[in-house]
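Asker: Below is the structure I would like to discuss, written out as structure tokens.
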Amino acid sequence: MTELEEIRKGLNHYTSEATKFMSENDIEINARFPRGYIRPISHLLRRWPYLEPDSQRTLACMIQLCDINRWNLNMWDIGLTAGTVWEWHCFLPIVFVMETLLKEFGLKFEIVSKRDRFAKVITSFNENGFISDDLRKNLDYCREFRNKAHLFLIEKKIGLHDGKPERYNLAVKTLEELETVLLEHWLNKRQ
């Protein structure tokens, strides 16, 4: 048995025991989340020097939530429809961060107006040469997937999950690319 297989077997055993104990005793376990996995706020604030301090802090807290979600996505095998909804749940904070970055950067540099919705903000950034067509396509995909938060608007039933968080990974890569692009534009404007 490999080390990974032993770890997985041990986790499966202990989490099953913990779940059984909680159910039988109607009590919460409240085990500590692994320290060191969640990045400190002070480290995250540096990612967005073009934002106001309050916005930086809010986004840093959202990224900390993403750290927790990433840990859970990598730790647990959650399939079927619950896995699909779980990935979507983990996906949402990343899109909130992207939307906030675009909106606040756009307002600061007069690319968008306060009334503009996310779709128009993405279009404005693309039309003004801030983001590529590929980044626009990925942002639009993330926005559309985020919009499934409005369950009554979903035309198609939620499908089964295959255990691979592809949408989540796309959102993470899109956020990283967006942050790079915005930082480059901000640095160029400062010169």
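The values are calculated or read from the model by the stated rules, or taken from the named source; none is laboratory data. Because the structure is a prediction, the values reported are computed rather than measured. No Cβ is skipped: glycine too gets one built from the backbone with ideal geometry, and neighbour counts run over all protein chains shown.
Asker: Quick check, is residue 102 surrounded by fewer than 21 Cβ atoms within 10 Å (Cβ to Cβ), over 17 Å from residue 39 (Cα atoms) and not charged (D, E, K, R)?
Answerer: For residue 102, the condition - surrounded by fewer than 21 Cβ atoms within 10 Å (Cβ to Cβ), over 17 Å from residue 39 (Cα atoms) and not charged (D, E, K, R) - is not met.
Asker: Do we have any residue at all in the range 122-138 that's surrounded by fewer than 16 Cβ atoms within 10 Å (Cβ to Cβ), at pLDDT 95 or above and among the hydroxyl-bearing types (Ser, Thr, Tyr)?
Answerer: yes
Asker: For residue 9, all conditions in the list (1) modelled with pLDDT of 95 or more; (2) part of a helix (DSSP H, G or I) hold save one; what is the number of the exception?
Answerer: It is condition (1) that residue 9 fails.
Asker: Sticking with this one: Given the options 145, 109, 118, 125, name the one that is in contact (Cβ under 8 Å) with a residue 40 or more places away in the chain and either under 14 Å from residue 167 (Cβ atoms) or under 22 Å from the mean Cα position of the chain (by Cα) (or both).
Answerer: None of the other options fit; the residue is 145.
Asker: Here's another thing I want to ask about it. Any residue at all in the range 14-28 that is closer than 30 Å to residue 186 by Cα and of a type outside the set (Gly, Ala, Ser)?
Answerer: Residues of the range 14-28 closer than 30 Å to residue 186 by Cα: none.
No; the residues of the range 14-28 include none that is closer than 30 Å to residue 186 by Cα and of a type outside the set (Gly, Ala, Ser).
Residue by residue, here is whether (1) assigned by TED's automatic domain parsing to the domain that holds residue 102; (2) out of contact with any His (no Cβ under 6 Å at 6 or more places or on another chain); (3) surrounded by 10 or more Cβ atoms within 10 Å (Cβ to Cβ); (4) touching a residue at least 40 places away in the same chain (Cβ under 8 Å) holds:
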{"site": "4", "(1), (2), (3), (4)": "no, yes, no, no"}
{"site": "12", "(1), (2), (3), (4)": "no, yes, yes, no"}
{"site": "18", "(1), (2), (3), (4)": "no, yes, yes, no"}
{"site": "23", "(1), (2), (3), (4)": "no, yes, no, no"}
{"site": "27", "(1), (2), (3), (4)": "no, yes, no, no"}
{"site": "45", "(1), (2), (3), (4)": "yes, yes, yes, no"}
{"site": "51", "(1), (2), (3), (4)": "yes, yes, yes, yes"}
{"site": "62", "(1), (2), (3), (4)": "yes, yes, yes, no"}
